[in-house]
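The next block holds one structure in the form of structure tokens; read it before the comments.
The values are calculated or read from the model by the stated rules, or taken from the named source; none is laboratory data. Worth saying up front: this structure is predicted, and the values here are computed from it rather than measured. Counting neighbours? That spans all protein chains shown, and the Cβs are built from the backbone with ideal geometry, glycine included. Ligands, DNA and RNA are excluded from the accessible area calculation, which covers all protein heavy atoms including side chains. Shrake-Rupley method; radii C 1.70, N 1.55, O 1.52, S 1.80 Å.
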Amino acid sequence: MGYRWILFDADNTLFDFDRSAREALQSTIEAHGCRFEPSHLELYGQINTRYWQAFEKGEVDQARLRIGRFEDLLKELGMKNSDPGQFAEDYERNLSRNGHLLEGSEEILETLRPHVQMALITNGLLNVQRPRLDSSPIRPYFREILISEEVGAAKPDPKIFEVAFLRMGSPARSEVLIVGDSLSSDIQGGVDFGIDTCWYNPNQKSRDHDVAATFEIGSLRELEEICVHA
């Protein structure tokens, strides 16, 4: 297929975001004087997903996402003495220090490096993503890094892809593949922009979004067959 570029999503595609978020949330809740329970993570996950989905649809802006999710969480937990803004700041600082990688992510980037150029495209928050990326061993693999807060647009908005393509030297769309775990942002964004898509679905999730990916993989190792041996 002759892919010259791969656009990688970051969280839960290359980075173990679930682990990092769990550790950051536990540290923040305990620092605010509350005992952490596993149910807190599940509750936050539900609230956080709701806000990110609204953000992708343009229903809330990044400032509201940043604070609103913790307003809701603290209310649910009865933590009346914690300020949502300070809680958000503490959580983001803790999260920025947690750059755990998914198993096999660095290895597949090393395998792909002689064959394709790579860029990272993420909807994450700037003050979380930039420190994690800058201190990560996978940073040198990416020629370009696009963070939605810096660009002013988030996947699936075509604007972030337009900026990416300009930075990449305007390759043909047929030469670019996007790889990500989210059907609603990574895959929908790629489909809307007219590039091939690869849904990373290691847990065999059922489709919750009416969009068809060019490829579906359960392991990052499968990218070698798609991009090197095809």
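Residue-level analysis places LEU133 among those that are within 23 Å of ASP16 (Cβ to Cβ), of a type in the set (A, V, I, L, M, F, W, C), open to solvent by less than 10 Å² (accessible area, probe 1.4 Å) and at pLDDT below 95. Checked against (1) hydrophobic (A, V, I, L, M, F, W, C); (2) within 23 Å of VAL151 (Cβ to Cβ); (3) at pLDDT 95 or above, LEU65 passes all but condition (3).
Among the residues of region 105-122, just one is within 18 Å of ARG132 (Cα to Cα) and open to solvent by 10 Å² or more (accessible area, probe 1.4 Å), namely GLU106. For region 33-51, the condition of being on the phi < 0 side of the Ramachandran plot, open to solvent by 50 Å² or more (accessible area, probe 1.4 Å) and in contact (Cβ under 8 Å) with a residue 40 or more places away in the chain holds for none of the residues.
Filtering region 1-17 to residues that are closer than 17 Å to SER219 by Cα and either in a helix (DSSP H, G or I) or open to solvent by 50 Å² or more (accessible area, probe 1.4 Å) (or both) leaves only PHE17.
On the stretch given as region 196-227, residues that are surrounded by 15 or more Cβ atoms within 10 Å (Cβ to Cβ), within 28 Å of GLU110 (Cβ to Cβ) and free of Cβ contacts under 8 Å to residues at least 40 places away in the same chain total 11. Take the conditions (1) under 23 Å from ALA63 (Cβ atoms); (2) of a type outside the set (Phe, Trp, Tyr); (3) touching a Gly at 6+ places or on another chain (Cβ under 9 Å); SER136 misses just one of them, which is (1).
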